[in-house]
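Undergrad: Before we start, here is the structure in question, set down as structure tokens.
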Ligand code: DAH
């Protein structure tokens, strides 16, 4: 008789000790103690074996057991751990989350626009390595070792013998194209360049350029001017004028610096053009015959022009951004302002 009571008390203790934490454990608990073939039913069955005077006591124990099982079940069902499991089951009919879309970087926007403008007058796009050798970055471009013009560009050398470096301009791609392809050549070379400069609002150790090269028979300075004029008008507006100032580059002869009339004030003078009416956008010139020779192109037969422009410079002018460092910080507050631009 005591055995029957002991068995029932053991089940009561098991119920009280149970901690069905996951949804699966809770369901197993329900089947065991509250389901249609639960353990308590067997215990109830044993009541018949008890003498009449102990039946009442046993019946109360059974009620306690049942109440304990129900209470434990409710308690665990409503506790965080098992409801959490329920939440994890995705509601497949719920509408999706809308993901915030990124936007193009202003440098990419202007780069693409430049590619687009030059594509319309027959320029294709060429690319080259950012880690360059001395030949393509300097020597082939008329700047042998110890030439004073090397000081124009502070260089990051990456080998002791100064053979390998980070390209200081995309003019290196000009050489690579002349070496590997036969004229006529008409291409632009957009890309990232590096210079060992102190970072400030107006200078950075890395920025982007678009180099241009056109080589064919009878290419003249007039062709260069026309291409630059076309570019300036497409980029900055139909009223834009251009101006060339004599300059020096080791790889062009003659060389020029190119200005455009200030598109902010129309040439009357403002803060952007420092009250001069003109803003500089790049360098250009006729490819030096020695540079053609270095790349095995016959200067007696072919001539060409080249130009180089800074993408940051043009982007700053176009969007009136006055600190170069902003382009490299990727602050979402700046980038978001270009969401609608392509
Ligand atoms: N490579 C020059 C620079 O980085 C820019 C340049 C000037 C490129 C004149 C040219 C050019 O092709 O003809 O400052």
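The values are calculated or read from the model by the stated rules, or taken from the named source; none is laboratory data. Keep in mind that what you see is a predicted model, and the values were worked out from it rather than measured. Positions of Cβ are backbone-derived with ideal geometry, glycine not excepted, and every protein chain shown enters the neighbour counts.
Undergrad: Can you list residue pairs whose Cβ atoms sit under 6 Å apart, with the first residue in the stretch 301-315 being under 21 Å from residue 109 (Cβ atoms) and the second being more than 13 Å from the ligand (Cβ to nearest atom) and part of a loop (DSSP other than H, G, I, E, B)? Count only pairs 6 or more apart in sequence or on different chains.
TA: 312/324
Undergrad: Mind checking which residues of the stretch 23-43 are closer than 26 Å to residue 57 by Cβ and crowded, with 16+ Cβ neighbours inside 10 Å?
TA: 32, 33, 38, 39, 40, 43
Undergrad: Could you tell me whether the stretch 322-329 includes any residue that is within 27 Å of the chain's Cα centre (by Cα), assigned by TED's automatic domain parsing to the domain that holds residue 136, at pLDDT 90 or above and part of a strand (DSSP E or B)?
TA: The initial filter retains those residues of the stretch 322-329 that are within 27 Å of the chain's Cα centre (by Cα), namely 322-329.
From what is left, the residues that are assigned by TED's automatic domain parsing to the domain that holds residue 136 are 322-329.
Filter again for at pLDDT 90 or above, leaving 323-329.
Those left that are additionally part of a strand (DSSP E or B): none.
No; the residues of the stretch 322-329 include none that is within 27 Å of the chain's Cα centre (by Cα), assigned by TED's automatic domain parsing to the domain that holds residue 136, at pLDDT 90 or above and part of a strand (DSSP E or B).
Undergrad: Can you go through 293, 312 and tell me which one is part of a helix (DSSP H, G or I) and within 29 Å of the chain's Cα centre (by Cα)? Outline the logic, then answer.
TA: On the way: 293 fails: within 29 Å of the chain's Cα centre (by Cα).
Every option except 312 fails the conditions.
Undergrad: Of all residues in the stretch 162-179 being within 19 Å of residue 299 (Cα to Cα) and away from the ligand (no atom under 13 Å from the Cβ), which is surrounded by the fewest Cβ atoms within 10 Å (Cβ to Cβ)?
TA: Per the criteria, the residue is 179.
Undergrad: Of the conditions (1) modelled with pLDDT of 85 or more; (2) within 23 Å of residue 16 (Cβ to Cβ), residue 50 fails just one. Which one is it?
TA: The failed condition is (2).
Undergrad: Considering only the stretch 134-155, state which residues are modelled with pLDDT of 95 or more and under 28 Å from the mean Cα position of the chain (by Cα).
TA: 137
Undergrad: Right, another one. Considering the stretch 108-133 alone, what residues qualify as being assigned to a helix (DSSP H, G or I), surrounded by 19 or more Cβ atoms within 10 Å (Cβ to Cβ) and in contact with a strand residue (DSSP E or B) (Cβ under 7 Å, 6 or more places away or on another chain)?
TA: Passing the criteria: 111, 114, 118.
Undergrad: When the residues of the stretch 180-206 are filtered to those that are more than 10 Å from the ligand (Cβ to nearest atom) and in contact with a helix residue (DSSP H, G or I) (Cβ under 8 Å, 6 or more places away or on another chain), which remaining residue is farthest from residue 120 (Cα to Cα)? Before the answer, list the steps.
TA: Step one: list which residues in the stretch 180-206 are more than 10 Å from the ligand (Cβ to nearest atom), which gives 180-188, 190-192, 194, 196-206.
So of that shortlist, the ones also in contact with a helix residue (DSSP H, G or I) (Cβ under 8 Å, 6 or more places away or on another chain) come out as 185, 187-188, 190-191, 204, 206.
Numbers: 185: 15, 187: 12, 188: 12, 190: 16, 191: 20, 204: 31, 206: 29 Å.
The extreme case among them is 204.
Undergrad: Tell me which of these residue 226 doesn't satisfy, since it passes every other one: (1) surrounded by 15 or more Cβ atoms within 10 Å (Cβ to Cβ); (2) away from the ligand (no atom under 13 Å from the Cβ).
TA: (1)
Undergrad: Among the residues of the stretch 267-289, which ones are assigned to a loop (DSSP other than H, G, I, E, B) and within 16 Å of the ligand (Cβ to nearest atom)?
TA: Taking the stretch 267-289 and keeping what is assigned to a loop (DSSP other than H, G, I, E, B), we get 267-277, 288.
288 - this is the single residue of the stretch 267-289 that is assigned to a loop (DSSP other than H, G, I, E, B) and within 16 Å of the ligand (Cβ to nearest atom).
Undergrad: Okay, next question. Tally the residues that are away from the ligand (no atom under 14 Å from the Cβ) and in contact with a strand residue (DSSP E or B) (Cβ under 6 Å, 6 or more places away or on another chain), restricting the search to the stretch 290-316.
TA: Going through the stretch 290-316 one residue at a time, the tally reaches 1.
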